[in-house]
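Let me give you the structure first, and then I'll get to my questions.
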Amino acid sequence: MSAVYCGSKRSYFDDTPSPPPSSKRFRCYSPSNSPSWSSSSPSSSLDQLRAAFPHLELTVLVEALEEHGSDLSAAMKSLYALVSSAEEEKRAQDLAAANKETGTFTASGDDWVALLVREVTQSSGQDDAKFRAERVLEALEKTLSARAHEEAGKKFQEESVAVQQQVEALMKDNTVLKRAVAIQHERQKALEDANQQLEFFKQLIPQYQEKVRNLEVNNYALKLQLEQMEHGSSMMPQRFNPDVF
């Protein structure tokens with residue numbers, strides 16, 4: 001729901017032109033379509049509403065009173081809700097458009113303070129000032145919430161990228177570690193094979209040593225036999241008389 005402003009009074013929330021009205025309810029007041037008890041009718045409730053909402057159409061004020069049985073308090077609450085909804089929607093659209101263009105929240109703390117002061121200064125009474133202040137504070141809360149949400153999203157994305165990089169680094173280190181373990185396993189296996197061969201050769205050494213000793217003994221025996229044979233052959237001519245032959 002939105003309302004068309006017919007007065008000259010403007011606020012921070014209606015810096016851009018309002019969209020064209022979509023129903024007859026929001027047409028600007030003119031004598032030709034005014035109700036029978038218009039501004040010339042002595043109605044204090046209507047006068048108070050016109051003083052509080054000078055930018056609204058007279059028909060809107062009249063309908064608000066009629067809908068709430070001429071209850072001024074209920075009518076004012078209804079109109080406040082109407083104005084708040086229209087201006088808040090418009091302001092949210094403007095702020096979203098500005099943030100989309102710049103990518104940042106342009107309103108600083110001083111801007112919000114100036115906005116609050118301006119809204120309170122432009123109010124028509126204590127209730128209107130309270131309502132305007134609440135409206136500004138709600139807008140500030142929404143802006144801060146949106147900013148916190150955006151910053152949290154950016155931080156989460158940065159942390160996610162950092163974690164992803166750490167995971168990739170760990171996976172790379174794990175691959176290197178697996179390769180190192182495989183190489184170490186191959187070396188260990190080769191060392192075990194070499195130790196087994198060494199033990200086998202150690203077991204063969206006594207056997208070969210025994211064979212060597214046997215060969216040495218046999219060689220010595222053959223040597224003695226050879227010496228005896230040589231000595232015997234040298235003594236044979238001295239035993240026989242050469243004349244016999």
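Only the coordinates and a few stated rules stand behind these numbers; no lab work does. Every value quoted in this text rests on a predicted model; they were computed, and no experiment measured them. When we count neighbours, we look across all protein chains shown, and the Cβ atoms used for this are built from the backbone with ideal geometry, even at glycine.
So how much slack lies between Thr143 and Met229, counting 0.36 nm per residue of separation and subtracting their Cα-Cα distance, in nm?
On the way: separation 86, 0.36 × 86 = 30.96 nm, distance 12.62 nm.
Stretched out fully, the Thr143 to Met229 stretch lengthens by 18.3 nm.
Ranked from highest to lowest mean number of other Cβ atoms within 10 Å per residue, what is the order of the peptides 209-219, 56-66, 132-142? All intermediate terms of the calculation are to be shown ahead of the outcome.
Working: 209-219: 10.0, 56-66: 19.8, 132-142: 16.5.
Ranking, from highest mean packing down: 56-66, 132-142, 209-219.
Treat each spin label as a single point 7 Å out from the Cα along the C-beta direction, and report the Ala162 to Gln126 distance in nm.
My value for the distance between the label points is 5.3 nm.
Then there's this: So what's region 105-196 giving for Rg/Rh, alpha carbon basis, Kirkwood Rh from the mean inverse pair distance?
Details: Rg = 31.7 Å, Rh = 19.0 Å.
So for region 105-196, dividing Rg by the Kirkwood Rh gives 1.67.
Run the quick spin-label model on Val181 and Ser73: label points 7 Å from Cα toward the beta carbon, then report their separation in nm to one decimal.
So the two model labels end up 7.7 nm from each other.
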